[in-house]
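Trainee: Here it is, the structure in full.
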Amino acid sequence: MGRYYARTLATVLAATCSLGAIAQANAGTVTMWTFLNPENTSGREVALRNVIEKYEANHPGVDIVVEPQDWATMTEKFVLSHSANRAPDIIWSAQDLGLLVNSGAVTSLNPYLADWLAENDDDLLFDNAYDNATYDGELMAVPLFPYSVLVFYRKDHFAQVGLTEDDLDTWDGFAAAVKKLQDAGLPGLLLPLSEDKPSSTIATTAYMDLNDGHLLAEGCVADFATDIGVQALTLQTDMIKSGLISQEAVARTNDDAWDLFIGGRGSIVPQTSARAGALLSSSDWANEETVGIVPWPSFTTDHHGPSVGASWQVSLWSGSQNKEEASDFMAFMASEEGAKEWAVTGEQLPLRASVANLPELSGGVFALNQAASEALNETGRFPRPGCAESSTMGDWNRAAQDVLLNGISPVDALQEATDSTNRRQ
Amino acid sequence: MAEAGVATVVGTGGRRSKLFRVGEVKPYLFVLPFIGLEALFLLLPLGMSLYYSLFDIKYLIVGDFVGLQNYFEIFSNRRFLASVGVTMTFSLFSLFFTFIVGFALALWLVKDNGHSVFMRAIILVPYVISMLVGSLLLKWVLSQDAGLTDLLLGPLGIPSLSILGDPSTAMAAIVYNGVWRDSAFAMMLLMAGLKSIPLHIYQAAKVDGASKLYTFWRITLPLMRMPILITLVRLLLYFVNSLTFQLVLTGGGPAGATTNIVLHMYRSAFEDSLLGLGNAMSFVLFLFNLAIIAVIIILFRVSGRTPK
């Protein structure tokens, strides 16, 4: 029996020493979960590879290890890994920062990046993205790929019927433009009104416009069943009833609408600005001469409608043993050098003013990025920190469907949308 | 204490009876690992599901104990109750048409000649295609904007219609999807049953001058009772618990017309991140499945045959 205990004790000691050795070996290793794989060849993935190589060349003692993940489940998986105390040092997220913060899985970057932020504040663009990543004064993420849902339109179709992008400034002009395109036998407006994979629509944009730029009030409270909610919803349902939007739209996801647009079946489609590069590379008709990006319309001509903004951003694991190294690499990714890689090689919106004016960023996708960047800076409205808004668009779509197909009144339909949204907060 | 080598239990009369001797226990020991696996992968998750359904869980964070509140919430939710109706409509229509088509195919192709073997292979194609891929293909075929329906229906004088944008036709579309894909499966199960009927019974009926219809009603159908019931059970459980058809083809729409219980549960748990509510729905779905099995058992009893 004594020999048994001696063996057990020896095993435990050996395991403890091994763990210590592993921890020592990992001291200079920064692990990162992202949806990008630096081994692949897309623009963003090549940019990530370049950023890592440059950082490691400047910091010989640090290894950046990327563990590519599926973007749809990455955040939930990270929270579970955090619970098991085995998470990577850096995590990428888009609209799930609230989950990361509320679960305690990520930590404030103020102790590590406050000085960096103060030094770079003038050069960094997209203040609203940084505001969105700040919880109670604590910066919880560094934005890398800001984007927003804007209006893509066919310049060539517009030219055929004598329309310009100025015709899309107001909702009345927007409806008249769609009518004119339809009358000329050209494809019209593609709107994703399915509950599944929803995106910004006419109704949600009009509501935000009438509600000080936000879907939800302070404290993440929804209250859609109001006069302005009904006005916004009716604006959209009237366009369907009058035939400006096909009834098929209620079965269309955001991806469906986009695929149809790429296939030449639409002249106007709302879509995330991040897909501009994919449009140019996946269709033979699309270039900066045939496609344009504009902000959403509004009810008046004195301003554009708001666009829902978001950003892929990086956060620091609260249990990381390499917080200094990891946060330093995060800052490097948003440095001038990093921002240049993302913008030029990765074809993303430039993160810094100093990069935005580079001569390399002209023509092709960069022209579209330029338009998107201006629209995002002017009209981008990021969700309030910690609010779960991503499914709210689906609630609005369901409300539109209930009004059109189930004969439910707009107020009652919006009350259900309100209840569904509030239940998630 | 039990005698060595003999397992004993207390009988209903209170006296100790010897039920199992060593030789009789051994087969149960072989089965034990599989019962353990079943417990691990079925009973344990089921117990956890019931446990977590009693909590308010948002975004993977277990909150307060709320008792049966999640259950009260789902049964007072108009959309959940509607999803029960959708589940029943979809399951029964799909079951009916899949069974009819599957049985017809099985009768047609039961003989092992070259034509039957070739046709069986053709008919099995939808079944071997991934459900996701098949549903996605059908979605584009039925699309009003870019599909084939206008091309096919236009010459018949039928005006352009949005099959997926109308509640009644959207339900028909997912039923069609189920029938298209799973008739082959029904065919295989029923064909196995048909092949088990001794050939000499048919030969005797033929000698007696029985017509084909008479032979079918008085020989084939009675002897197919068990395969038919097994096929019906298998298909019904499959349709009740289906997710891919609704998720990919219609997204549950329009206006919830094709949102079944499983899709409602999936959305609550994984899109809305309300895992307590989702677990409550999954437990209700489990009870729904039990009810279906109970109905089938009653059918077995009514038909005078119990499953062996």
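Where a number appears in this text, it was derived from the coordinates with a stated rule and is not lab data. Quick caveat: nothing in here was measured; it's all calculated off a predicted structure. Note: ideal-geometry Cβ built from the backbone for every residue, glycine included; neighbour counts use all protein chains shown.
Trainee: Ignoring everything except DSSP H segments at least 4 long, calculate the 222 nm mean residue ellipticity for the protein assembly as shown; use -39,500 (n - 2.57) per segment, divide by total residues, nearest 500. Can you show the working numbers first?
Mentor: Numbers: 31 runs with 385 residues, N = 733.
My calculation for the protein assembly as shown gives -16500 deg cm²/dmol from helical runs alone.
Trainee: Report Rg (one decimal) and Dmax (nearest whole number) for chain A, counting Cα atoms only, units Å.
Mentor: So, for chain A, Rg and Dmax equal 24.0, 94 Å respectively.
Trainee: Additional query: Take every residue in peptide A:240-248, count the Cβ atoms of other chains within 10 Å of its Cβ, and give the average of those counts.
Mentor: On the way: counts 1, 0, 0, 0, 0, 0, 5, 7, 14.
That works out to 3 on average.
Trainee: Could you give the length gained by full extension between B:I298 and B:A146, i.e. 0.36 nm per residue of separation minus their alpha carbon distance, to one decimal place? Could you put the intermediate results ahead of the total?
Mentor: Numbers: separation 152, 0.36 × 152 = 54.72 nm, distance 4.78 nm.
Here the answer is 49.9 nm.
Trainee: Something else: When the expected Rg is taken as 2.2 N^0.38 Å, what fraction or multiple of it is the alpha-carbon Rg of the range B:77-302? Walk me through the intermediate numbers first.
Mentor: Numbers: Rg = 20.4 Å, N = 226, 2.2 N^0.38 = 17.3 Å.
Compared with the compact-globule rule of thumb, the range B:77-302 sits at 1.18.
Trainee: What spacing in nm lies between the two simple spin-label points modelled at A:D412 and B:S168, each 7 Å away from Cα in the Cβ direction?
Mentor: Distance between the two pseudo-spin positions: 2.1 nm.
Trainee: How high is the FRET efficiency from B:I61 to B:V207, r the C-beta distance, R0 45 Å, rounded to 0.05? Don't skip to the end; give the middle numbers.
Mentor: Values: r = 74 Å, r/R0 = 1.66.
It comes out at approximately 0.05.
Trainee: Sort B:273-279, A:108-114 for me by packing, meaning the mean count of neighbouring Cβ atoms within 10 Å per residue, highest on top. Mind dumping the intermediate values first?
Mentor: Values: B:273-279: 23.7, A:108-114: 17.3.
Ranking, from highest mean packing down: B:273-279, A:108-114.
Trainee: Another question, if that's okay. Could you name the lysines whose alpha carbon sits less than 20 Å from that of A:K197, not counting residues in the same chain fewer than 8 places away?
Mentor: Straight-line reach from A:K197, under 20 Å: B:K139.
Trainee: Still on this structure: Excluding same-chain residues fewer than 8 positions from A:K54, which lysines have a Cα within less than 19 Å of its Cα?
Mentor: Straight-distance partners of A:K54: A:K340.
Trainee: Count charges around A:H303 for me, please; just the other residues with Cβ under 11 Å from its Cβ, Lys/Arg as +1, Asp/Glu as -1. Show your work: numbers first, answer last.
Mentor: Details: positive: none; negative: A:D169, A:D209, A:D302, A:E378.
Every neighbour counted, the sum reads -4.
Trainee: So what are the radius of gyration and Dmax for the Cα set of the range A:83-145, in Å?
Mentor: Cα only, the range A:83-145: 12.2, 40 Å (Rg, Dmax).
Trainee: Taking the Cβ-Cβ separation of A:N37 and A:D166 as r and a Förster radius of 41 Å, what is the calculated FRET efficiency to the nearest 0.05? Don't skip to the end; give the middle numbers.
Mentor: Details: r = 42 Å, r/R0 = 1.03.
Given R0 = 41 Å and the Cβ-Cβ separation, E is 0.45.
Trainee: Count the net charge of all other residues whose Cβ sits under 11 Å from the Cβ of B:S160, scoring Lys and Arg as +1 and Asp and Glu as -1. Write down the numbers at each step before the final one.
Mentor: On the way: positive: none; negative: A:E248, B:D145, B:D150.
Result for the local shell: -3.
Trainee: Could you give P(r) for the protein assembly as shown, binned at 10 Å from zero, as whole percent values over all Cα-Cα pairs?
Mentor: 3, 11, 19, 21, 19, 13, 8, 5, 2, 0, 0
Trainee: Could you give the nm distance between label points at A:K241 and B:I230, where each point is 7 Å from its Cα heading toward the beta carbon?
Mentor: 5.7
Trainee: Let me know the volume per residue of the alpha-carbon convex hull for the range B:20-69, in Å³.
Mentor: So the per-residue hull volume is 96 Å³.
Trainee: Ok, one more. So, in nm, how far is label A:E289 from label A:N58 when the simple model puts each one 7 Å beyond its Cα toward the Cβ?
Mentor: Inter-label distance under the simple model: 4.1 nm.
Trainee: List the lysines whose Cα sits under 21 Å from the Cα of B:K212, skipping any in the same chain fewer than 8 residues away.
Mentor: B:K111, B:K195
Trainee: Follow-up question, since we're still on this one. At 20 °C and a viscosity of 1.002 mPa s, what translational diffusion coefficient does Stokes-Einstein give for the range B:191-308, taking Rh as the Kirkwood radius over Cα pairs? Give it in µm²/s as a whole number.
Mentor: Working: Rh = 17.5 Å.
D = 122 µm²/s.
Trainee: Identify the residues of the range A:193-215 with backbone N under 19 Å of a label point that sits 7 angstrom from the Cα of A:Q231 along the Cα-to-Cβ direction, or state none.
Mentor: The answer is A:201-215.
Trainee: For the range A:230-342, what's the radius of gyration and Dmax over Cα atoms, in angstrom?
Mentor: 20.1, 60
Trainee: So, in Å, what gap is there between the alpha-carbon centers of the range B:169-206 and the range A:123-159?
Mentor: If we compute the Cα centre of each part, the gap is 56 Å.
Trainee: What's the average, rounded to a whole number, of partner chain beta-carbon atoms within 10 Å of each residue's beta-carbon in B:159-168? Please list the in-between numbers first.
Mentor: On the way: counts 0, 2, 2, 7, 2, 7, 13, 5, 4, 0.
Averaged over the peptide's residues, the number is 4.
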